[in-house]
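The values are calculated or read from the model by the stated rules, or taken from the named source; none is laboratory data. Everything quoted here is computed from the prediction, not taken from an experiment. Virtual Cβ from ideal backbone geometry, glycine too; neighbours counted across all protein chains shown. Keep in mind that these areas ignore ligands, DNA and RNA; they rest on the heavy atoms of the full protein, side chains included. Shrake-Rupley method; radii C 1.70, N 1.55, O 1.52, S 1.80 Å.
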Amino acid sequence: MVATAKKVTITVNGVQYEAPEGVKILNFCRHEGIEIPTLCHLKDYSDVGSCRLCMVEIEGYDSLFASCRTKIEDGMVITTESERLTDYRKEMLRLFLSNHNTDCMNCPKNANCELQELCNVFGIDDTPYEGSRRNIENYLPKLDDNPYLTYDPSKCIHCMRCISACNRAAVNGALTNGRTGVFHTVEAPFGPEWKKTKCESCGNCAAACPTGALTEKRKKNYRKWETER
């Protein structure tokens, strides 16, 4: 939140608020306890708007707006929950699953996966689609040479949170956004030549990953519910 910003009046889900002008809708709503689903958003580091789950309605417009990238303006009337938004979010989750390796039971992030959690919330357990990216990523090798970290391309949803964490939080620049044909890929330095890269095995990328694409090896033999913080 920006304490010195000019205060404006907005309405969210029928309730009027005073809000700092220019703050992103998502940040303000979460500050007020209004939950909006996201997968690609990483607070303070990433607002790429790629997952499209945080879309909201703004009165006066037919199109939906990504709340993580849309700034508050005076007089905005915002809806974060509606039948249209629920249907839209369900469809986006089905599209995610169309390219995702859904072998959840054997995944180190089982029961600690944000994609899995949102699918449970919205009642999505299958998809009628078969994504074209799956044909590439399901056959890419798992990068497992790093002694601490593993990258499984078949579970990557291209949210870019790992890249933001590496570049902006750890400031290493070890993870990059690459390309295979027409598809974007995450180039993770965990293959045979990992020692020659900038990677320091800090684990920020794995902590930022919402799925089982990037995982810490030390966690592969237990699940979240078996531990205490």
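Assorted remarks:
- Residue check for Glu117: without any contact (Cβ under 8 Å) to a residue 40 or more places away in the chain, over 22 Å from Arg179 (Cβ atoms) and either open to solvent by 70 Å² or more (accessible area, probe 1.4 Å) or not in a loop (DSSP other than H, G, I, E, B) (or both): yes
- Residues of the stretch 120-150 that turn out to be part of a helix (DSSP H, G or I) and of a type in the set (Ser, Thr, Tyr), as a count: 0
- Listed by position, the strands (runs of 3 or more DSSP E) enclosed by the stretch 1-62 that each have at least 2 residues that are more than 15 Å from Leu85 (Cβ to Cβ) and open to solvent by 10 Å² or more (accessible area, probe 1.4 Å) are 7-12, 15-20.
- Scanning the stretch 92-114 for residues that are surrounded by fewer than 15 Cβ atoms within 10 Å (Cβ to Cβ) and of a type in the set (D, E, K, R) yields a single hit, Asp103.
Quick grid of which residues meet (1) β-branched (Val, Ile, Thr); (2) at pLDDT 90 or above; (3) open to solvent by less than 30 Å² (accessible area, probe 1.4 Å):
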position: Tyr129; (1), (2), (3): no, yes, no
position: Arg133; (1), (2), (3): no, no, no
position: Tyr148; (1), (2), (3): no, yes, no
position: Tyr151; (1), (2), (3): no, yes, yes
position: Arg168; (1), (2), (3): no, no, no
position: Phe183; (1), (2), (3): no, no, no
position: Val186; (1), (2), (3): yes, no, yes
position: Gly203; (1), (2), (3): no, yes, yes
position: Ala206; (1), (2), (3): no, yes, yes
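- Comparison of Leu93, Leu26, Leu64 shows that the only residue that is in contact with a His (Cβ under 7 Å, 6 or more places away or on another chain) and under 30 Å from Pro128 (Cβ atoms) is Leu26.
- Subset of the stretch 172-207 (residues that are in contact with a Ser or Thr (Cβ under 7 Å, 6 or more places away or on another chain) and outside any loop (DSSP other than H, G, I, E, B)): Gly178, Arg179, Glu187, Ala206
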